[in-house]
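Some notes on the structure that comes next.
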Amino acid sequence: MNQRKLEITMFSSADKVAGQGVGSAYLEQVNLLKSQASELFDIKINDWFAKADIKHFHTIDPAFLVPMLDKKAVKVAYCHFLPDTVIDGSLKIPSAFQPLTSHYIIHFYNMADHLVVVNPSFIPDLVRYGIPREKITYIPNYVSKEKFHSLGQAKKEETRQKYNIPEDAFIALGVGQVQTRKGVLDFCEVAQLCPEITFVWAGGFSFGAMTDGYEELKALMENPPANVRFIGIIDRSEMVSIYNMADVLFVPSYNELFPMTILEASNLGIPLLLRDLDLYRDILFGHYLMAQNNEQFAKDLMVLKKDPALYQKYQKESEAISAYYSKEHVVEMWKSFYLDVYHQKQRELGNE
């Protein structure tokens, strides 16, 4: 077996757009490998001219089709979305261009030797689009506990003061881009049903007017219910403070893969209230409160606010999620994956 370090080049533009989970996932994965697998891999970022054993594409930029042509390197593509999730509720794409967009996304995935999904529920969808099952691997997201952890009561009070929120408020936090599919409209409707609770949304229009439902959402942000605060896109380095001031993470999204915000919040032991989606059942193992409509969301939030025993129960459930998605578990999956696909490629090339 070849003992030298494998050269891996990461290709990504995800961190150029603020406030999107793909960028957070990309940065976490790179930092994880650099800190925990440096004995095996030498990581470069967007270096088009470096010789690479593996080229890992985190975003599907058209320019990346050029390094995809390398026949000697293993090409790995992260699958963060399918045409359904881009066209339905994320970006406002004219109907005439939707077939072209769908074709491009699947073409990019087909050019890769291997796809990595962060949620196993995506695998049947990819197969339905014609991607061979054997080229798809599930590796979950990871969030550093060194970056996301409890900062204590003093920091909680300080952050609330910064946003003019009373120290004794019960805060339901929503995090993510302001999009229709993220359930922002529902977030505000639930707020109207729970006047005793303060609702805070951290996020904004990462893609501006291209966002699906932009005009309606913009009007809502400019004139929200009295107990709702839109605090805009928060730098990732500051998000730990936002989680620390929250009492519940409330995610009414209609369509997700594996929201980084769930891992970030679970590291702090914050109870999770999520929409009842099949995909969560595969990755969160029931360690959360779920609901299917706004009336049930409101009921669950009020019970969490008023029942200390139930609140503590779901704090422990979040801690269980955090423990499962440990650094040690996820980095071993990446090590095995990269080594396996590299040696598979070398056998195909006749080098082993």
Selection over segment 120-135 where residues are surrounded by fewer than 19 Cβ atoms within 10 Å (Cβ to Cβ) and closer than 22 Å to Pro259 by Cα yields a count of 5
Would you pick out the residues in segment 259-285 that are closer than 23 Å to Val303 by Cα and in a loop (DSSP other than H, G, I, E, B)?
Asn267, Leu268, Gly269, Ile270, Pro271, Asp276, Leu277, Phe285
If Val331 satisfies all but one of (1) within 29 Å of Ser35 (Cα to Cα); (2) assigned by TED's automatic domain parsing to the domain that holds Ile171; (3) part of a helix (DSSP H, G or I); (4) β-branched (Val, Ile, Thr), what's the number of the condition it fails?
(2)
With the checklist (1) closer than 22 Å to Val143 by Cα; (2) assigned to a helix (DSSP H, G or I); (3) of a type outside the set (Gly, Ala, Ser) in hand, flag the one item Leu301 doesn't pass.
(1)
Among Asp212, Asp186, which is assigned by TED's automatic domain parsing to the domain that holds Asp300, among the acidic types (Asp, Glu), modelled with pLDDT under 90 and crowded, with 18+ Cβ neighbours inside 10 Å?
Asp212
Could you tell me which numbered condition Phe41 fails, if it satisfies all but one of (1) modelled with pLDDT of 85 or more; (2) over 25 Å from Lys147 (Cα atoms)?
(2)
Filter segment 137-147 for residues that are outside any loop (DSSP other than H, G, I, E, B) and in contact (Cβ under 8 Å) with a residue 24 or more places away in the chain and give the result.
Thr137
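Out of Leu263, Leu257, Leu279, I need the residue that is under 19 Å from Val22 (Cβ atoms) and surrounded by fewer than 19 Cβ atoms within 10 Å (Cβ to Cβ). Which one?
Values: Leu263 fails: surrounded by fewer than 19 Cβ atoms within 10 Å (Cβ to Cβ); Leu257 fails: surrounded by fewer than 19 Cβ atoms within 10 Å (Cβ to Cβ).
Result of the check over Leu263, Leu257, Leu279: Leu279.
So, in segment 46-64, of the ones that are of a type outside the set (A, V, I, L, M, F, W, C) and assigned to a loop (DSSP other than H, G, I, E, B), which residue ends up surrounded by the most Cβ atoms within 10 Å (Cβ to Cβ)?
His58
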Please determine whether any residue of segment 82-90 is at pLDDT 95 or above, surrounded by 14 or more Cβ atoms within 10 Å (Cβ to Cβ) and of a type in the set (D, E, K, R).
no
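If the requirement is being of a type in the set (A, V, I, L, M, F, W, C), under 29 Å from Tyr325 (Cβ atoms) and either not in a loop (DSSP other than H, G, I, E, B) or not assigned by TED's automatic domain parsing to the domain that holds Ile54 (or both), which of these qualifies: Leu115, Leu100?
Leu115
The values are calculated or read from the model by the stated rules, or taken from the named source; none is laboratory data. Just so we're clear, the structure is a prediction, and the values are computed from it rather than from any experiment. Glycine gets a Cβ as well: all are built from the backbone with ideal geometry, and neighbour counts include every protein chain shown.
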